1. Looking at the stretch 46-60, is at least one residue under 30 Å from residue 144 (Cα atoms) and either in a strand (DSSP E or B) or within 13 Å of the chain's Cα centre (by Cα) (or both)?
2. Name the pairs whose Cβ atoms lie under 8 Å apart, with the first residue in the stretch 131-143 and within 18 Å of residue 116 (Cβ to Cβ), the second among the acidic types (Asp, Glu), and 6 or more positions between them or separate chains?
3. If the Cβ limit is 6 Å and pairs must be 6+ apart or interchain, which residue in the stretch 101-117 that is farther than 11 Å from residue 145 by Cβ pairs with which residue that is outside any loop (DSSP other than H, G, I, E, B) and open to solvent by 10 Å² or more (accessible area, probe 1.4 Å)?
4. Quick one: in the stretch 174-193, which of the residues that are without any contact (Cβ under 8 Å) to a residue 60 or more places away in the chain and not in a loop (DSSP other than H, G, I, E, B) is nearest to the chain's Cα centre (by Cα)?
5. Out of curiosity, is residue 5 assigned to a helix (DSSP H, G or I) and either small (Gly, Ala, Ser) or open to solvent by 10 Å² or more (accessible area, probe 1.4 Å) (or both)?
6. Considering only residues of the stretch 66-84 that are open to solvent by 70 Å² or more (accessible area, probe 1.4 Å) and part of a loop (DSSP other than H, G, I, E, B), which is farthest from residue 97 (Cα to Cα)?
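The values are calculated or read from the model by the stated rules, or taken from the named source; none is laboratory data. Remember, predicted model here, so these are calculated numbers, not experimental data. Virtual Cβ from ideal backbone geometry, glycine too; neighbours counted across all protein chains shown. Accessible surface is based on the protein model in full, side chains and every heavy atom, while ligands, DNA and RNA are left aside. Shrake-Rupley method; radii C 1.70, N 1.55, O 1.52, S 1.80 Å.
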Amino acid sequence: MSGRRQTIGLLGGSFNPAHEGHLHISREALKRLGLDQVWWMVSPQNPLKTTDDMAGFDQRLASARAMARDPRIRVTSIERRLGTTQTALTLRKLKRRFPNARFVWLMGADNLLQIHRWYRWKDIFTLVPLAVFARPTYDSKALSGLAATRFARVFVPERFASTLAFRKPPAWVFLAIRRHEASATAIRASGAFPVTRDDTGSTDRDPAPDPGSHGSE
């Protein structure tokens, strides 16, 4: 990389399947945070989620690639290659691998509400800035929850959101974006995403993302 350090939003998740809500949050992040890219990191398996009704990794990765209709959004299987499923460990490895990138962790208010259940959750706040996006029915509980209270002193007002990527962590912002009703659970229940679990493993041969370029991996 040369010149200005790239600012990159990280949206991790099962993407079971990817949907318009993921795209909505990512575009809002690009606009409001002034990011260069957003990486969709498809998780091999969320430790807090059951494998019941969980599609195979290749199927979920394919759904993300089909949904990422923006050249600034990169879909990556890097977490699988790093061998991590806990966010804190993933962030440590990414920061070592891409020392010239400025990462921001992106998540919905539903995840802020229960992030204290994540492995070494306080480390996440100290590794990278966090951007929290409004989610229907979760906002008030999340903003008065354990994590928000614990890190209240480093809360960044929304009007300064464009500076978040350049702030030294811990720092976090809440973005009151327009709500999007898309739900992976509802999509699966409708039969629009028939779950399969047979993976070929072919995704492991994909190149790692490059902070200096655009497009899906």
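1. Yes, the conditions are met somewhere in the stretch 46-60.
2. 135/110; 138/110; 142/110
3. 106/11
4. 185
5. Spelling it out, it is not the case that residue 5 is assigned to a helix (DSSP H, G or I) and either small (Gly, Ala, Ser) or open to solvent by 10 Å² or more (accessible area, probe 1.4 Å) (or both).
6. This residue is 69.
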